[in-house]
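Participant: Take this structure, written in structure tokens, and hold onto it; I'll ask about it next.
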Amino acid sequence: MRNFLSDKAAWLHQGAIRAMFDKMTGVENLISLAVGEPDASTHPDIVAAGCRALKDGYTRYTPNAGYMTLREAISATFLPELAYKPDGEIIVTVGAMGALSTLFHVLISPGDEVIVPEPTWVNYYTLISFPGGVPVPVRSSIDQGFKVTAQDIEAKITAKTKAILINNPSNPTGAVMTDEDLKEIAQLAVDKDLLVISDEIYGMLLFDGLQVKSLAQFPEMRERTVVINGFSKAFNMTGWRVGFALGPEAIIRKMTILQENIISCVPASSQMAAQYALSRLDTVQHTVDVYREKRDLVYDGLAKISGIRCIKPMGAFYIFPDISAVANDATKFCYDLLAMESVACVPGDAFGESGKGHIRISYANSVENLKESLARIQHFVSHYGIEEL
Ligand SMILES: Cc1ncc(COP(=O)(O)O)c(C=O)c1O
């Protein structure tokens with residue numbers, strides 16, 4: 001029989017994170033620090049709002065760009081000083097992934113390059129490549145605090161560069177670019193006439209009182225930035241699948257037409273739950289407080305383990321320790337840690353070349369599990385290094 005798949009489909013492969021999930025199956029006494037998802041459930045009041053919506057008849061298609069009331073609430077909550085127009089400059093999407101996917105499909109002509117700082121959430125590579133784009137990594141290291149500079153980015157700009165993608169705070173490192181860091185990148189985008197895609201999905205999860213601007217807020221940037229955000233991480237709503245994009249009308253309108261044709265809309269009840277969530281920002285503050293305590297627990301615990309080096313994450317719920325003093329191969333390290341101590345982490349290589357020698361730990365887990373996993377990692381590392389180097 002013929003192979004019915006397209007050439008493009010042949011290129012699709014499961015990544016290293018999925019490989020780790022496969023290995024985790026059936027492991028007893030497992031503590032998984034591998035998942036990029038909040039451990040807490042959606043707040044019961046938000047769940048109730050979703051259920052109420054279903055009972056009240058929100059069971060139909062919605063406008064393709066999402067309910068106007070939700071878009072109005074988004075406009076009032078996110079970057080209110082930029083006053084994004086609910087009609088034309090905001091689209092509600094199937095998670096932030098839906099926003100990124102439709103965005104790249106309306107942006108990319110074959111061969112267009114998108115600059116992506118590394119280590120990076122690896123899905124960007126597929127999201128950019130599938131419509132024919134070329135992701136261009138810009139590497140960073142722990143010594144740079146996992147932050148790229150405008151000069152690093154400038155060195156990668158070619159005649160084919162269309163956009164710079166910035167994920168702030170970062171998955172997988174938890175690093176946060178400050179206004180100072182962002183200012184020069186914004187200026188570079190203006191000077192070189194580039195679009196900026198600012199993925200701010202972890203933007204509400206910042207610690208120790210840190211506040212950072214959106215790239216859209218810098219001079220002349222509103223018209224050349226698409227802000228990506230959503231409800232998954234800050235509101236513990238991964239399964240509801242509600243994200244959104246804010247940006248120039250010409251781009252958002254095309255995304256909306258594409259969404260109309262391939263997805264139609266985000267489920268009505270999820271939109272209503274998200275709309276209610278925006279009236280409960282108190283739940284986000286609580287979430288931030290809890291993650292900050294867990295961040296401190298994990299950072300302090302790892303810092304005590306000889307051979308492991310980390311920088312203190314200032315946002316999101318990840319930490320990205322350097323384990324290169326203990327093991328040559330992060331993938332083998334993770335597989336051995338899983339086999340010997342039943343703790344699952346993701347090898348840093350999964351996040352690009354500059355993730356080599358690192359592992360990603362998600363501390364969105366219970367305090368009890370985090371304490372236990374730290375003890376297991378300490379035990380593992382104290383025996384491991386000697387044999388492996
Ligand atoms: C950096 C980044 N952007 C976007 C997403 C997608 O989030 P959503 O659940 O809203 O699709 C994720 C999810 O892990 C992420 O880490």
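Participant: Between Asp289, Asp199, Asp22, which gets the highest mean-square fluctuation from a Gaussian network model of the chain, Cα cutoff 10 Å?
Facilitator: Asp22
Participant: Kindly provide the helix-only [θ] at 222 nm of the chain, computed as the sum of -39,500 (n - 2.57) over DSSP H runs of four or more divided by all residues, to the nearest 500 deg cm²/dmol?
Facilitator: -12000 deg cm²/dmol
Participant: Sticking with this structure for a sec: Can you tell me the relative contact order of segment 147-287? Whole percent, Cα pairs under 8 Å, sequence separation 6 or more.
Facilitator: 18
Participant: What are the extents of the Cα atoms of segment 1-156 along their three principal axes, in Å, largest first?
Facilitator: Taking the Cα atoms of segment 1-156, the three principal extents are 51, 49, 48 Å.
Participant: Which percent, nearest 5, of DSSP beta bridges in the chain are antiparallel?
Facilitator: Antiparallel bridges: around 45 percent, rounded to the nearest 5.
Participant: Given Lys183/Lys356; Lys147/Lys183; Lys192/Lys356; Lys156/Lys312; Lys147/Lys371; Lys85/Lys213, which pairs have Cα atoms separated by over 23 Å?
Facilitator: Listed pairs above 23 Å: Lys183/Lys356; Lys192/Lys356; Lys156/Lys312; Lys147/Lys371.
Participant: Mind checking which of Thr25, Thr173, Thr77 has the largest fluctuation in a GNM of the chain, springs on alpha carbons under 10 Å?
Facilitator: Thr25
Participant: Continuing with the same structure: Specify the inter-centroid distance of segment 130-144 and segment 241-264, based on alpha-carbon positions, in whole Å.
Facilitator: Rounded to whole Å, the Cα centres lie 25 Å apart.
Participant: Using the Cα centre as the reference, give the magnitude of the dipole from point charges on the C-beta atoms of the chain (Lys, Arg: +1; Asp, Glu: -1; all else neutral), rounded to the nearest 20 debye.
Facilitator: 820
Participant: With a/c under 1.5 counting as rounded, go ahead and sort segment 44-280 into rounded, prolate or oblate using the C-alpha gyration tensor (a ≥ b ≥ c being the square roots of the eigenvalues; past the cut-off, prolate if a/b is larger than b/c, else oblate).
Facilitator: prolate
Read the figures in this text as sums done on the coordinates, not as results from a lab. In this text, all values refer to a predicted model and were calculated from it rather than measured experimentally. Reconstructed Cβ throughout: ideal geometry from the backbone, glycine too, with neighbour counts over all protein chains shown.
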